[in-house]
1. Can you list residues from other chains, or at least 5 along the same chain, whose modelled amide H is less than 5 Å from the amide H of ALA291?
2. Select from ALA514, LEU477, PRO353 the residue farthest towards the positive end of the dipole of the chain; place +1 on Cβ of Lys and Arg, -1 on Cβ of Asp and Glu, and compute about the Cα centre.
3. Positive end of the dipole of the chain, charges at C-beta (+1 Lys, Arg; -1 Asp, Glu), about the Cα centre: which of HIS228, VAL142, SER204 has its Cα farthest in that direction?
4. Can you compute the modelled spin-label distance between GLU505 and ALA6, with each label point 7 Å from Cα toward Cβ, in nm?
5. Can you tell me the length gained on complete extension of the stretch HIS228 to ASP482, counting 0.36 nm per residue apart and subtracting the Cα distance?
6. Using the Karplus curve 6.51 cos²θ - 1.76 cosθ + 1.60 with θ = phi - 60°, what ³J(HN,Hα) values do you get for each residue of the range 353-361, in whole Hz, with x for Gly and Pro?
7. Using 0.36 nm per residue, how much length does the chain from ASN25 to HIS275 gain when fully extended, once their Cα-Cα distance is taken away?
8. First measure r as the distance between the Cβ atoms of SER575 and LEU512, then evaluate 1/(1 + (r/R0)^6) with R0 = 22 Å and state the FRET efficiency to the nearest 0.05.
Amino acid sequence: MSDTPAAETRRFDAEVHQLLKLMINALYSNREIFLRELISNASDASDKLRFEALTKEGLKGLDQDLGIEVSFDPSAGRLTVSDRGIGMNREEVIENLGTIARSGTRRFLESLSGDARKDARMIGQFGVGFYSAFIVAAEVEVETRRADEPAAAGVRWRSSGEGDYSIEAVVREAQGTSITLSLREEHRDLLNRWQLERIIRHYSNHVAFPIRLVEIGGDAEDAKSEDHAEANKQVINDTQALWARPRNELEDEDYKSFYTGLTGDPEAPVSWAHHHVEGSQSYSLLLYLPAQAPFDLLINRDEREGLKLYIQRVFIMDAAEQLLPRYLRFMRGVVDSSDLPLNVSREILQDSPLLKKIRATVIKRSLDLIEKLANDGGETWDRFWKAFGAILKEGVIEDFEQRERIAGILRFASTGSDGAETVSLDDYLGRMSEGQDTIWYLSADSLKVARSSPHLEAFARRGIEVLLLTDRIDEWLVSHLDQYKDKPLKSVTRGKLNLDEDAPEPDEAAKLLAGRIKQALGDEVGSVRPGHRLTDSPGCIVADEGGMSLQMEKLLRQAGQAVPESKPDFEINVSHPLLSAMARLDDGKRFNDLSQLLFEQARLAEGGELADPAAYVQRVNRLLVEALESPDSSAQADGSADGDDSNAASA
Ligand code: ADP
């Protein structure tokens, strides 16, 4: 073995290979983002060095003139992004550039749809990182050295992005990393000052380190050489920390372009809030409300990114977990504190009283932004609500302190509005009729099921508005929101309805019929009772006052959870013709069949499931055959009451 081992060839992880192929196809039309990704890595590496140098002995004396250089050589077809940041040693290079180390990338791969346009949009938002270099490069060479290791610890990595890469030891004087791309022929048009400047300004204008654009080779010795040299020294981005500047110096465009650099979101933010808090503790806060949801927002409740913590302009960490509650995980922004120690750790942050204060402000300001959007309404709000409404609802469940405030922002479909119009709880309160003291709701799988639910009949008749809840989370929401502004929320499917005091007590005949149906249904139901809920339908299922609704049972079952044994009550509408007919029917097979059918229909009408669907179908068919074969079926609904075995055909 020699002292300087020759280059070693290694294979990529299978996943890297897959990602590379996908990316090159999906991003072809969005090729410019590679530069954003490489500059953002360079900036991260510089941040890391600055941060580590605060605490690590070996790094303290280091050259900290951190800057990023983008150099290009049109005649050679090459572009290099160099930083003077933390760098990587051999193990880190293998880990970072040869495998997909990050779980985020893995999830991203899993969620690719194969639809090139959708995927490209997602990749754009997601930030694909280093590998995006292969969108434009036929070959990529990385040279790097960790800032705290000697020049001999340099590493060179090379790959053409196919199945493998090579890695070898080199001597590298400069700390940090240089990434050189040999561009494919068709992408060499990128190699001119005007193009590159435009791309860097567009995506990376607010990177906190100076970015210099340097042209190499070509006709540097011609008459323009002085201008040329001058241009090569210029910093082309705006390195000032935008959030630290006074608000009156900033235009909307500044905020928007900062957002683009911060998030990579191709769409402009909906709105933002910028505050400088002075006093015993001072900090700056810049919060953005995005227009669209990043792809993994709903799935990924726990690993949150989006709020960066700076201390005196030094990037410390992504502190979304400390500063944002889950239900605001779509917010983006920056917090910069002057009063936290620079060497702060996650553990310290966890119980820092200052951070708790900042967190409270972040929540308040975020809700201000959302509330304003909701009050303005219109298309912007509708879009926001579609993208983030279900997430915001988690707040009612999780944040007791803000419960009522968040509830006030929520919007629901309602019988008081048609189509896609939604209403707020305050709208609802404002429309309540005299004497109404309850906010009524109905939850169901879809608006269609909700709107045709038999449970709404009694309310429609009395002109009482009912909120229609169809999000999966709504059942949990209402189980935490038992009242709003002192008015209780109640499900229309639950317990006894006392809509009008003077409703007549059911008569003996009605009670008798209910008793017979109960007997026919046996243990399947709790009780059967005549009620006032219905006008057009013969029967409906009623949950216990304190019990679980059918919808909740279903959700739990879908989530694989145990559902407590419970028997719903069955409310019948004795004035319905079907029930009048049944009242005249002798007990027997047909009465039993009809009772079963009524009960099963009621379950179906609520989008519920039948215990034995095949038996239901047989019952329906049996009755259909009887009806069709009865000689005067159309004229004699009741005449056939005793014809139980006159046509014994069975299904
Ligand atoms: P991400 O930056 O999102 O983590 P990348 O694929 O861009 O993903 O990079 C993977 C890892 O490689 C980074 O997390 C970082 O550790 C390392 N890396 C990439 N570029 C550099 C660089 N210029 N300097 C130091 N480390 C780098």
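1. Residues meeting the criterion, in which the H sits 1.01 Å from N, are VAL270.
2. Toward the positive end, the furthest listed residue is PRO353.
3. Positive-most Cα among the choices belongs to HIS228.
4. Computed distance between label sites GLU505 and ALA6 equals 10.3 nm.
5. 84.4 nm
6. Going residue by residue, I get x, 4, 5, 4, 5, 4, 4, 4, 5 Hz, with x marking Gly and Pro.
7. Numbers: separation 250, 0.36 × 250 = 90.00 nm, distance 4.24 nm.
Difference between extended and current length: 85.8 nm.
8. Working: r = 15 Å, r/R0 = 0.68.
The calculated FRET efficiency here is 0.90.
Where a number appears in this text, it was derived from the coordinates with a stated rule and is not lab data. This one's a predicted model, so the numbers in the text were calculated from it and none came from an experiment. With ideal geometry, Cβ positions are generated from the backbone for all residues, glycine too; neighbour counts draw on all protein chains shown.
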